[in-house]
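Engineer: I am attaching a structure below and will ask some questions about it afterwards.
Values in this text are rule-based calculations from the coordinates and carry no lab data. Since the model is a prediction, treat every value here as computed from it, not as a measurement. Using ideal geometry, Cβ is built from the backbone for each residue, glycine included, and neighbour counts are taken over all protein chains shown.
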Amino acid sequence: MLVRMDNLRVGFRTPQGVSEAVRGVSLTVGQEKLGIVGESGSGKSLTARSILRLLPGSATVTADKLEFDGIDVLSAREGALRRIRGKRAGLIMQDPKYSLNPVMTAGAQIAEAWRAHKGGSRRQATKAAIDLLAQVRIRDPARVAGLYPHELSGGMGQRVMIAMMLAPDPELLIADEPTSALDATVQADILRLIEDLVAKRGMGLMLISHDLPLVSHFCDRVLVMYAGRVVEEVKAADLHRAKHPYTRGLLECLPSLVKPKPQLSVLKRDPAWSAPQ
Amino acid sequence: MTASMIAVENLRVRFGTQDVVKGVSFSVPRGGSFGMVGESGSGKSTILRAVSGLNADWTGRMEIDGVALMPKRGRAFFRRVQMVFQDPYGSLHPGQTIDRALSEPLLVHGIGDIETRILRALAEVALPSTVRFRFPHQLSGGQRQRVAIARALMAEPEVLLLDEPTSALDVSVQAEVLNLLSALQKSRNLTYVMVSHNLAVVAHLCPMIGVMQGGNLVETISAENLRAGRTQHAHTTELRALSVELEDPEEV
């Protein structure tokens with residue numbers, strides 16, 4: 001197992017006391033495609049980022065167990081974490097516009113990531129960057145390597161981010177809403193690319209999204225989070241048979257192209273879903 | 001439902017040397033809804049901004065209720081036509097209370113009776129009256145979008161232009177806002193033009209849908225034909241296939 005997480009809790013200190021955003025999440029990730037779905041504020045991003053201990057300074061994290069490939073993440077020193085972050089576990093973020101360095105060319109950013117983790121000469125790094133751009137299916141990689149982020153479209157920017165994450169050959173890829181800033185047509189391309197790369201390189205994938213149908217389409221199993229807790233785990237293929245009223249509610253409030261409804265059903269939140277168990 | 005409320009003919013918009021909208025025509029009957037879908041950069045929002053008067057640099061012919069629009073609009077126009085934007089956080093002033101945001105259109109148009117109108121507007125979009133003296137950051141995303149809709153309705157317009165009104169929201173909140181929009185349309189006989197990249201959302205609200213690609217309206221199709229897959233243009237077929245594939249993998 002790449003990741004073992006037991007009873008993860010993430011809290012934030014507020015003037016009114018500690019507010020818990022993640023309340024006892026347990027999960028494991030192996031060489032598989034795991035989806036985490038939930039609304040904004042459900043704690044899905046915090047859960048994923050805890051694996052890399054990439055949380056805001058005001059957050060307090062506790063867990064009975066939080067291991068990345070046997071390494072205890074919570075007690076690890078920064079140096080040990082640096083060997084995990086980026087190198088063994090890559091994080092793809094939502095919006096390439098904000099996550100790429102605006103004053104560095106795409107090629108230079110990828111080369112920097114490659115050199116930071118693998119060493120080697122500048123020339124080797126540049127060559128590797130172009131090779132990586134080709135792997136994420138950019139048609140003219142040598143030209144794109146010389147472009148600045150503002151000269152790239154959203155889809156191309158996201159491919160550059162993926163290329164950068166692939167540079168150190170990670171074992172786990174965490175994709176936090178990798179396509180929500182993109183068009184539907186580009187979205188499908190990017191997800192197919194991630195799926196393909198994960199299969200080819202034998203990586204583990206954690207796909208975080210608010211889009212339930214999308215996630216179930218690309219993952220093996222899906223965790224549904226509500227108010228900091230996993231309320232249901234379903235096999236992606238069995239999503240129609242999900243039992244929890246929250247999951248059912250999420251599916252039913254989607255407008256459908258094929259089956260029109262005169263009125264959309266609205267999620268009725270039951271306080272019991274977020275009550276301590 | 002005799003004459004059309006909105007008529008756009010051969011609308012062209014150019015940014016510098018780039019043609020962004022290349023001769024688009026469509027019309028919307030009074031009380032009807034027209035949806036526009038397309039990828040980013042296809043020109044759908046640009047059309048909306050030209051209709052709403054935010055961009056005066058266009059050629060062609062646009063009519064609201066039979067009256068031709070000039071590049072510069074008077075106050076009467078903005079009383080009839082209002083717009084709701086994608087990101088409610090970006091479109092509400094962070095330093096002004098909801099009360100201030102909602103009273104602004106009334107002051108601009110010299111409409112009195114501010115007190116009762118604000119309370120009525122909040123009730124209409126199903127917000128508790130306690131949000132009146134809060135700031136935007138104290139509201140959730142869905143509540144903020146309701147405020148943006150309430151503000152657009154303050155001057156009692158007949159046309160509402162909706163630019164991706166639900167894409168910044170969670171799906172559960174999206175359903176609430178879409179239901180609100182259809183209820184308001186029925187009670188006030190509003191005419192909608194809605195832009196979205198989500199085919200299912202547009203088809204839910206709009207009986208007629210225009211598909212944009214590269215500045216051209218490549219197809220105008222009824223929601224019914226779109227659902228049944230009777231598409232004419234390759235781009236529409238592609239967008240439909242993507243949407244259906246995600247909805248129900250077995251049906252492709």
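Engineer: Calculate one ³J(HN,Hα) per residue across the range B:79-88 by plugging θ = phi - 60° into the Karplus curve 6.51 cos²θ - 1.76 cosθ + 1.60, and present them in order as whole Hz with x for glycine and proline.
Structural biologist: These are the phi-based 3J(HN,Hα) values: 6, 8, 10, 10, 10, 10, 9, 5, 9, x Hz.
Engineer: What FRET efficiency, computed as 1/(1 + (r/R0)^6) with R0 = 22 Å and r the Cβ-Cβ distance, is obtained for B:Glu63 and B:Thr17, rounded to the nearest 0.05? Before the final figure, lay out each step's value.
Structural biologist: On the way: r = 29 Å, r/R0 = 1.30.
With R0 = 22 Å, the Cβ-Cβ based efficiency is 0.15.
Engineer: Within a 10 angstrom radius of each residue's Cβ in A:258-265, how many Cβ atoms of other chains show up on average? Whole number is fine.
Structural biologist: Numbers: counts 11, 5, 6, 2, 2, 6, 11, 3.
Mean number of neighbouring Cβ atoms from other chains: 6.
Engineer: For q = 0.12, 0.16, 0.21 Å⁻¹, what log10 I(q)/I(0) does the range B:58-174 give under the Debye formula with an equal point scatterer on each alpha carbon and no solvent?
Structural biologist: Debye curve over Cα of the range B:58-174, log10 I(q)/I(0) at q = 0.12, 0.16, 0.21 Å⁻¹: -0.46, -0.78, -1.18.
Engineer: Put +1 on the Cβ of each Lys and Arg and -1 on the Cβ of each Asp and Glu in the range B:4-251; which of B:Val173, B:Leu153, B:Val244 then has its Cα farthest toward the positive end of the dipole?
Structural biologist: B:Leu153
Engineer: Further question on the same structure: How tilted is helix A:122-135 with respect to the longest principal axis of chain A? Cα atoms for both, answer in degrees (0 to 90, nearest 10).
Structural biologist: 50 degrees
Engineer: Can you tell me the orientation of helix A:184-201 relative to chain A, as the angle in degrees between its alpha-carbon axis and the longest Cα principal axis, to the nearest 10?
Structural biologist: It works out to around 70 degrees.
Engineer: What's the exposure ranking of B:Tyr89, B:Tyr192, going from fewest to most Cβ atoms within 10 Å?
Structural biologist: Details: B:Tyr89 14, B:Tyr192 24.
So the residues, fewest neighbours to most, are B:Tyr89, B:Tyr192.
Engineer: For the residues B:His235, A:His240, what sequence is obtained by ranking on other C-beta atoms within 10 Å, fewest first? Walk me through the numbers before you get to the answer.
Structural biologist: Details: B:His235 21, A:His240 11.
With the sparsest Cβ surroundings first, the list reads A:His240, B:His235.
Engineer: Which net charge results when you count Lys and Arg as +1 and Asp and Glu as -1 among the other residues whose beta-carbon is under 13 Å from that of A:Ala111? Write out the running numbers ahead of the final one.
Structural biologist: Working: positive: A:Arg115, A:Lys118, A:Arg122, A:Arg123, A:Lys127; negative: A:Glu112, A:Asp131.
Here the charged neighbours net out to +3.
Engineer: Further question: For q values of 0.08, 0.11, 0.14 Å⁻¹, compute log₁₀ I(q)/I(0) with the Debye formula on a Cα-only model of chain A, without solvent.
Structural biologist: Listed by q, the Debye log ratios stand at -0.36, -0.67, -1.04.
Engineer: Using only alpha-carbon positions, what ratio does the radius of gyration of the range B:1-58 give when scaled by 2.2 N^0.38 Å? Intermediate values should be presented prior to the final figure.
Structural biologist: On the way: Rg = 12.1 Å, N = 58, 2.2 N^0.38 = 10.3 Å.
So the range B:1-58 has a normalised radius of gyration of 1.17.
Engineer: Going through the cross-link list A:Lys44/A:Lys200; A:Lys33/A:Lys235; B:Lys22/B:Lys44, which pairs have a Cα-Cα distance over 21 Å in this structure? Can you show the working numbers first?
Structural biologist: Details: A:Lys44/A:Lys200 26 Å; A:Lys33/A:Lys235 11 Å; B:Lys22/B:Lys44 11 Å.
Cα-Cα > 21 Å for A:Lys44/A:Lys200; rest within.
Engineer: Also, quick follow-up: Convex hull over the Cα atoms of the protein assembly as shown, averaged projected area in nm²? If you can, show how the numbers build up before the last one.
Structural biologist: Values: hull surface 105.0 nm².
Dividing the Cα hull surface by four gives the mean projection, 26.3 nm².
Engineer: Looking at chain A as a GNM with Cα springs under 10 Å, which of A:Gln124, A:Gln109, A:Gln263 has the largest mean-square fluctuation?
Structural biologist: Highest fluctuation among the options: A:Gln263.
Engineer: Now for a different question. Straight-line reach only, C-alpha to C-alpha below 13 angstrom: list the aspartates and glutamates that A:Lys259 could link to, leaving out same-chain residues fewer than 8 apart.
Structural biologist: Within the straight-line limit of under 13 Å, A:Lys259 reaches these aspartates and glutamates: B:Glu224, B:Glu247, B:Asp248, B:Glu251.
Engineer: Highest mean first, what order results for A:161-171, A:2-12, A:136-146, B:12-22 on Cβ atoms within 10 Å? Could you put the intermediate results ahead of the total?
Structural biologist: Numbers: A:161-171: 22.8, A:2-12: 18.5, A:136-146: 16.5, B:12-22: 14.3.
Highest mean packing first, the order is A:161-171, A:2-12, A:136-146, B:12-22.
Engineer: On average, how much area does the Cα convex hull of the range B:173-252 cover when viewed from any direction, in nm²? Display every interim value, and only then the final one.
Structural biologist: Numbers: hull surface 23.6 nm².
Averaged projected area of the range B:173-252's Cα convex hull equals 5.9 nm².
Engineer: Here's a follow-up. Can you give me the relative contact order of the range A:4-133 as a percent, contacts being Cα pairs under 8 Å and 6 or more apart? Numbers along the way, then the final one.
Structural biologist: Working: 137 pairs, mean separation 27.3, N = 130.
Across the range A:4-133, relative contact order equals 21 percent.
Engineer: Going by how many other beta carbons lie within 10 Å of each one, how would you line up A:His150, B:His233, A:His210, fewest first? Spell out each step's value before the answer.
Structural biologist: Values: A:His150 10, B:His233 16, A:His210 19.
Exposure proxy ranking, most exposed first: A:His150, B:His233, A:His210.
Engineer: Let me ask another. Within 10 Å of each Cβ in B:196-205, how many Cβ atoms from other chains are there, averaged over the peptide? Please report the intermediate quantities before stating the final value.
Structural biologist: Numbers: counts 0, 5, 4, 3, 8, 4, 2, 5, 9, 1.
Average per residue, whole number: 4.
Engineer: Report the local net charge at B:Arg30: Lys and Arg +1, Asp and Glu -1, summed over other residues whose C-beta lies under 13 Å from its C-beta.
Structural biologist: Numbers: positive: B:Arg80, B:Arg188; negative: B:Glu63, B:Asp65, B:Glu158.
Residues near B:Arg30 contribute -1 overall.
Engineer: Taking beta carbons within 10 Å but only from partner chains, what does the mean come to for residues A:179-185? Don't skip to the answer; put the middle values down first.
Structural biologist: Values: counts 0, 2, 1, 3, 8, 10, 6.
Neighbouring Cβ atoms belonging to other protein chains average 4 per residue here.
Engineer: Right, here's the next one. Work out the length of the dipole vector of the range B:4-251 about its Cα centre, built from +1 on the beta-carbon of each Lys and Arg and -1 on the beta-carbon of each Asp and Glu, and round it to the nearest 20 debye. Before the final figure, lay out each step's value.
Structural biologist: Values: 25 positive and 26 negative charges, 212 e Å.
Roughly 1020 debye, rounded to the nearest 20.
Engineer: Against the longest principal axis of chain A, how steep is helix A:154-166, in degrees 0 to 90 to the nearest 10, with axes from Cα atoms?
Structural biologist: Its long axis makes an angle of about 80 degrees.
Engineer: Below 8 Å between Cα atoms, with a sequence gap of 6+, how large is the relative contact order for chain A in percent? Show your work: numbers first, answer last.
Structural biologist: Values: 502 pairs, mean separation 64.9, N = 277.
Averaging sequence separation for qualifying contacts and normalising by length gives 23 percent for chain A.
Engineer: Using a simple spin-label model with points 7 Å from Cα along the Cα→Cβ vector, what separation in nm is obtained for A:Glu20 and A:Ser99?
Structural biologist: It is 2.9 nm.
Engineer: Work out the length of the dipole vector of the protein assembly as shown about its Cα centre, built from +1 on the beta-carbon of each Lys and Arg and -1 on the beta-carbon of each Asp and Glu, and round it to the nearest 20 debye.
Structural biologist: On the way: 63 positive and 55 negative charges, 200 e Å.
Here the protein assembly as shown has a charge dipole of around 960 debye.
Engineer: Enter the per residue convex hull volume of the range B:4-251, computed from alpha-carbon coordinates, in Å³ rounded to the nearest integer.
Structural biologist: Measuring per residue, one finds 126 Å³ for the Cα hull of the range B:4-251.
Engineer: List the relative contact order of chain B as a percent without decimals, with contacts defined as Cα pairs under 8 Å and 6+ residues apart.
Structural biologist: Values: 465 pairs, mean separation 64.0, N = 252.
Averaging sequence separation for qualifying contacts and normalising by length gives 25 percent for chain B.
Engineer: Between A:Met225 and residues 5 or more places away or on another chain, which pairs have amide H atoms under 5 Å apart, with H built 1.01 Å from N, and which residues are they?
Structural biologist: Close amide H contacts, sequence-distant or interchain: A:Val37, A:Gly38, A:Val231.
Engineer: While we're looking at this one, here's another question. Tell me the net charge near B:Leu48. Cut-off is 12 Å between Cβ atoms, B:Leu48 excluded, with +1 for each Lys or Arg and -1 for each Asp or Glu. Spell out each step's value before the answer.
Structural biologist: On the way: positive: B:Lys44, B:Arg49; negative: B:Asp163, B:Glu164.
In short, 0.
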